[in-house]
Amino acid sequence: PPPPLGGPPPSRRAGRRAAGLAAAAAEPAGGGGAGMEGDRPESPVTIKGIERELICPACKELFTHPLILPCQHNVCHKCVKEILFAFEDSFADGGSESSNPSSPRIKISSSSMDRIDRISRSGTKRNSLTPRSSLFPCPGCQRDIDLGERGINGLFRNFTLETIVERYRQAARAAIAIMCDFCKPPPQESTKSCMDCSASYCNECFKIHHPWGTVKAQHEYVGPTTNFRPKILMCPEHEMERVNMYCEICRRPVCHLCKLGGCHANHRVTTMSTAYKTLKEKLSKDIEYLISKESQVKGHITQLDLLLKETECNSERAKEEASHSFDKLSHVLEEKKSAALRAIEASKNLRLEKLQMQAEEYQGLLENNGLVGYAQEVLKETDPSCFVQTAKQLHVRIQKATESLKSFRPAAETTFEDFVVDIAKQEEILGDLSFHSNGLEIPEINEEQSRMYNKALISWECPGKTDSADTYVLEYHKLNRGEESVTWQEIEVCSKSKVISDLDDDSSYAFRVRGYKGSICSPWSREVILRTPPAPVFSFLFDDKCGYNSEHLLLNPRRTSVESRAGFPLLLGSERMQVGCYTTLDYIIGDTGIAKGKHFWAFQVEAYSYLVKVGVVSSNKIQKLFHNTHDVTSPRYEQDSGHDSGSEDAFFDSSQPFTLVTLGMKKFFIPTTPAAPKDPASRILPLPSCLGICLDCDKGKVGFYDAGRMKCLYECEVDCSGIMYPAFALMGGAAVHLEEAVTAKYEEYHDDI
C-alpha cells in the first residue's frame with residue numbers, strides 16, 4: 001500500500017474491477033479533497049454513466065489511491081511510481097525506452113524521454129551541487145509537471161474521487177457483499193465498518209472489539225465499505241499539521257506552517273471554508289447551467305449523430321475517388337512497364353540474331369567446313385581458266401575472314417545499360433503525393449529563433465493567419481558528402497517548434513517542415529542547414545566563491561550572467577593610476593572543471609562591453625591568476641590587449657597562467673602569434689552575437705568559435721596538465737551571459753479555478 005499521504009490507505013480487500021468497464025478513457029475528473037462521508041446516500045445523478053471520469057489515464061483502469069498532480073489531473077499512486085521508476089530504468093539503460101516490468105501497460109514514449117534533460121559527462125568535476133527538481137510526464141495533459149523537491153510525497157490523495165470510485169465499484173458488483181475481517185472461517189457478512197480501525201465487522205465481532213465503556217466504543221462507524229479515509233486532511237509537507245487554508249496561486253490546501261515559512265509564504269491564501277464555499281458555488285452554478293441546457297445538449301447530440309453518418313458517407317466517397325486516382329496512376333505505370341518490356345525484348349531478339357549470324361560465319365572458318373571447305377574444294381581445280389574465274393571472288397572472301405579473325409569484335413552488345421529506367425525524380429514526386437493543399441500556406445523555418453547547442457531547437461511560423469495547419473511534420477537528415485540517397489527522419493509536431501536530441505557533433509543537418517490540416521498537407525518549406533557544436537556541450541555556472549570580487553562584479557541569482565559596473569570604485573582606482581595605464585581586470589571562473597575529453601560552451605557578450613577576456617585557466621595557475629589581478633598593466637606591453645601597441649615582435653606566450661582572447665567595443669581581437677596576420681587591421685573581426693569555446697584536453701588545444709555559424713575564428717595550443725576551468729575577465733561596463741541549454745520547456749497550466 002502507498003504511504004499515508006494525508007491519511008491511511010484504503011483497504012484492498014474488495015478491490016475487484018467492475019466487469020464490462022469501458023476501456024477507452026477521456027480526461028479524468030478534477031481535483032478534490034476530504035469532506036465527503038463514506039456512507040452518504042448517492043446523489044440523484046446516476047453512477048452508471050460516469051465511468052469515463054473514473055479511469056486512470058495511465059493504466060486505463062479504475063483509480064486506485066489517486067493522487068492530485070499540480071496540473072489538477074489524477075493518476076493512481078502505483079502508476080505514478082511506475083512511471084518514475086521507468087524513467088530511472090531508461091536512464092540506467094542509456095536513455096532507451098523502457099517500462100517497469102510489473103506494469104507492462106505503462107510505456108514511456110520517446111517524446112517524454114526527450115523532455116527529460118539529464119546528461120552525464122565523463123571527466124567533469126563540479127564544485128557545487130544544484131538541487132534537481134523531479135519531473136513527471138502527466139499522461140492526462142501530456143505536459144511535464146514539476147513535482148518539487150518532495151516529489152511524490154508532496155502530492156495529496158484525492159479522497160473525494162476515491163469515494164466516488166468506491167460507489168461505482170459497489171454498484172458494479174451489486175450482490176457481492178463485504179465480509180467481516182475478524183470472523184473465523186467461514187467469515188460472516190459485515191454490517192458496519194469502523195472508520196478509526198479501517199476494518200469491517202459483523203454485529204458480533206463489532207461488540208467484541210468495541211466493548212461498551214472503552215475508548216473504542218467512541219469510534220465512528222458507517223455502513224459496510226472498503227473506502228477508509230481520514231477524518232482530517234493532513235499536510236504532506238508538515239505531517240502533524242492539518243490543512244486549514246487554500247493557496248490561490250498553487251490551487252492546493254496548505255497548513256499555517258506552509259504560509260509562515262514554507263514555499264507558500266508570499267502566496268495569496270484564503271480560509272478553507274471560504275474556498276469551499278466559493279468553489280462549491282461555482283461548481284453548483286456551472287452544473288445547474290448545464291442541466292438547464294439539457295435540450296440544447298440533446299440537440300447537439302442529434303446533430304453529431306447526423307455528422308457521424310455524413311462523415312461515414314463522405315469518407316467512403318473519398319476512398320472511391322482516391323482509389324480511382326491511384327488506379328489511373330497504376331494503369332499509366334502498367335502501360336509504361338509493358339512498353340519498356342517490349343523494347344527490351346525486341347532489342348534482345350535483334351542482338352541474338354546478329355550474334356547467331358556471326359557465330360555461323362566463324363563456324364565456316366573451320367577445316368572442311370563452310371568457306372574453308374569450299375576453298376579446299378576449289379583448290380582441286382586443274383583448269384587454270386576455270387580456277388581463276390572462281391578463285392578471284394573466293395580470295396576476297398577469305399581475306400575478309402582473315403581480317404575479321406585478327407580484330408575480333410562481337411556483332412552486338414550483351415549489356416542493357418541503355419534500358420535502365422531512372423525513377424529517382426518520379427520516386428520523389430510520388431513520395432510527395434498527397435491531397436491538394438487547398439490554399440494551406442507553406443510554413444517557414446525561423447533561422448533567428450532556431451539554434452543548435454546541446455540539442456537542436458527548430459522553430460517555424462506561417463506567413464499568414466488563415467488556414468493554419470493543425471499539425472506539422474518536421475524532417476531532417478545529416479549532410480554527408482558523396483551520399484547518393486538521402487534518408488529523412490520524420491517527427492510529427494503539434495506546436496510550431498521542436499527540440500531534437502541525439503545529433504552527431506561537428507555535423508551539418510538539413511531541416512524542412514510541412515503543415516497538415518486533417519488529411520491535407522502543404523508543400524515542404526525551404527530547407528535550412530544548421531551545424532552542431534564541434535564537441536559535446538559543457539554545462540557550468542559562474543563560481544561565486546573562488547576569487548569572485550563582489551565589489552566590482554554582479555552575479556544574477558542563477559549565476560548565469562555576470563556584469564561589471566564602471567562605478568565609484570573604478571574612479572577611486574583610476575585616481576592612483578599613471579597616464580597611459582588602465583585599471584585592473586576582474587576575473588571570474590566557472591564552477592566546473594574539465595579533466596579530459598573535448599567540450600564546448602557558448603556565451604554572449606553585451607554590445608556595450610568595453611573590455612572582456614574569455615578563455616580557459618588551469619587549476620594549478622588559478623592562484624597566480626588572482627594574485628596578479630591588482631597589478632597595473634599598460635596596453636602597450638600587454639600582448640593580448642587588442643590594441644595596436646607597435647610591438648609586433650611580442651608574440652603570444654603559451655606559458656602564461658591562462659589562455660584568453662580579448663573582446664570589446666563590438667570587436668574580436670585575434671592574439672598576436674607567429675601564425676597571425678601581420679596587418680593589425682586583419683586581426684580585428686566583428687564580434688559575433690554568440691561566442692563559443694572548444695577545449696580539447698587530449699590534444700591540448702582551445703578554439704574560439706562564432707557559435708551562430710559554428711565557425712572557428714582562432715585556435716591555439718594550451719597546457720592541459722591540470723583541471724581546466726572556463727575563465728572570464730571584465731573591465732569597465734561589460735556583461736557576459738552563459739548560453740542556456742536547449743530543453744523542452746514546461747507548459748504551464750493556466751486554467752483559473
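Conditions (1) under 22 Å from N454 (Cα atoms); (2) open to solvent by less than 30 Å² (accessible area, probe 1.4 Å); (3) of a type outside the set (D, E); (4) modelled with pLDDT of 80 or more, marked per residue:
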residue	(1), (2), (3), (4)
I108	no, yes, yes, no
S122	yes, no, yes, no
S133	yes, no, yes, no
G148	no, yes, yes, no
L155	no, yes, yes, yes
L161	no, yes, yes, yes
Y168	no, yes, yes, no
K184	no, no, yes, yes
P187	no, no, yes, yes
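Could you check, for the stretch 551-567, whether at least one of its residues is open to solvent by less than 60 Å² (accessible area, probe 1.4 Å), among the small types (G, A, S) and touching a Leu at 6+ places or on another chain (Cβ under 6 Å)?
There is at least one residue in the stretch 551-567 that is open to solvent by less than 60 Å² (accessible area, probe 1.4 Å), among the small types (G, A, S) and touching a Leu at 6+ places or on another chain (Cβ under 6 Å).
Those residues that are open to solvent by less than 100 Å² (accessible area, probe 1.4 Å) and either small (G, A, S) or in a helix (DSSP H, G or I) (or both), I need them from the stretch 395-421; list them, please.
Residues satisfying the conditions are V396, I398, Q399, A401, T402, S404, S407, A411, A412, F419.
On the basis of being at pLDDT 90 or above and surrounded by fewer than 11 Cβ atoms within 10 Å (Cβ to Cβ), does E312 make the cut? Don't jump to the end; show me each part of the working.
Values: at pLDDT 90 or above: yes; surrounded by fewer than 11 Cβ atoms within 10 Å (Cβ to Cβ): yes.
Here the answer is yes, as E312 does meet what is asked.
May I ask you to list the residues in the stretch 510-541 that are open to solvent by 10 Å² or more (accessible area, probe 1.4 Å), over 23 Å from V702 (Cβ atoms) and aromatic (F, W, Y)?
Across the stretch 510-541, the qualifying residues are Y516, W524.
Matching residues to (1) touching a residue at least 24 places away in the same chain (Cβ under 8 Å); (2) surrounded by fewer than 13 Cβ atoms within 10 Å (Cβ to Cβ):
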residue: E321; (1), (2): no, yes
residue: S325; (1), (2): no, yes
residue: M357; (1), (2): yes, yes
residue: E361; (1), (2): yes, no
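What number of residues within the stretch 448-480 are surrounded by fewer than 15 Cβ atoms within 10 Å (Cβ to Cβ), within 18 Å of A707 (Cα to Cα) and touching a strand residue (DSSP E or B) at 6+ places or on another chain (Cβ under 7 Å)? Break it down stepwise before answering.
From the stretch 448-480, those surrounded by fewer than 15 Cβ atoms within 10 Å (Cβ to Cβ) are 448-449, 461, 463-466, 468, 470-471, 479-480; that's our starting set.
Those still in the list that are within 18 Å of A707 (Cα to Cα) too: 448-449.
When the remaining residues are screened for being touching a strand residue (DSSP E or B) at 6+ places or on another chain (Cβ under 7 Å), the result is 449.
The total comes to 1.
On the given criteria, is V632 at pLDDT below 80 and in contact with a Cys (Cβ under 7 Å, 6 or more places away or on another chain)? Can you show your working first?
Numbers: at pLDDT below 80: yes; in contact with a Cys (Cβ under 7 Å, 6 or more places away or on another chain): yes.
Yes.
With respect to D544, is the statement that it is open to solvent by 50 Å² or more (accessible area, probe 1.4 Å), closer than 16 Å to A456 by Cβ and modelled with pLDDT under 90 true?
Details: open to solvent by 50 Å² or more (accessible area, probe 1.4 Å): yes; closer than 16 Å to A456 by Cβ: no; modelled with pLDDT under 90: yes.
For D544, the condition - open to solvent by 50 Å² or more (accessible area, probe 1.4 Å), closer than 16 Å to A456 by Cβ and modelled with pLDDT under 90 - is not met.
For the stretch 598-623, name all the residues that are in a strand (DSSP E or B) and free of Cβ contacts under 8 Å to residues at least 24 places away in the same chain. Lay out the reasoning, then the answer.
Taking the stretch 598-623 and keeping what is in a strand (DSSP E or B), we get 598-605, 611-618.
The answer is none; no residue qualifies.
Which pairs have Cβ atoms under 9 Å, sit 6 or more apart or on different chains, and link a residue in the stretch 487-510 that is farther than 11 Å from A456 by Cβ and in contact (Cβ under 8 Å) with a residue 12 or more places away in the chain to one that is part of a loop (DSSP other than H, G, I, E, B) and acidic (D, E)?
C494/D470; A510/E527
Which one is nearest to C180 (Cα to Cα) among residues in the stretch 195-223 that are open to solvent by 70 Å² or more (accessible area, probe 1.4 Å) and among the aromatic types (F, W, Y)?
Within the stretch 195-223, the match that is nearest to C180 (Cα to Cα) is Y221.
Would you mind listing the strands (runs of 3 or more DSSP E) fully within the stretch 199-302 where at least 2 residues are under 27 Å from R150 (Cα atoms)? First the steps, then the outcome.
Details: elements: 199-201, 245-247, 252-254, 269-271.
Correct list: 245-247, 252-254, 269-271.
The values are calculated or read from the model by the stated rules, or taken from the named source; none is laboratory data. Keep in mind that this is a model prediction, so the values were computed, not measured. Counting neighbours? That spans all protein chains shown, and the Cβs are built from the backbone with ideal geometry, glycine included. These accessible areas exclude ligands, DNA and RNA; they are computed on the full protein's heavy atoms, side chains included. Shrake-Rupley method; radii C 1.70, N 1.55, O 1.52, S 1.80 Å.
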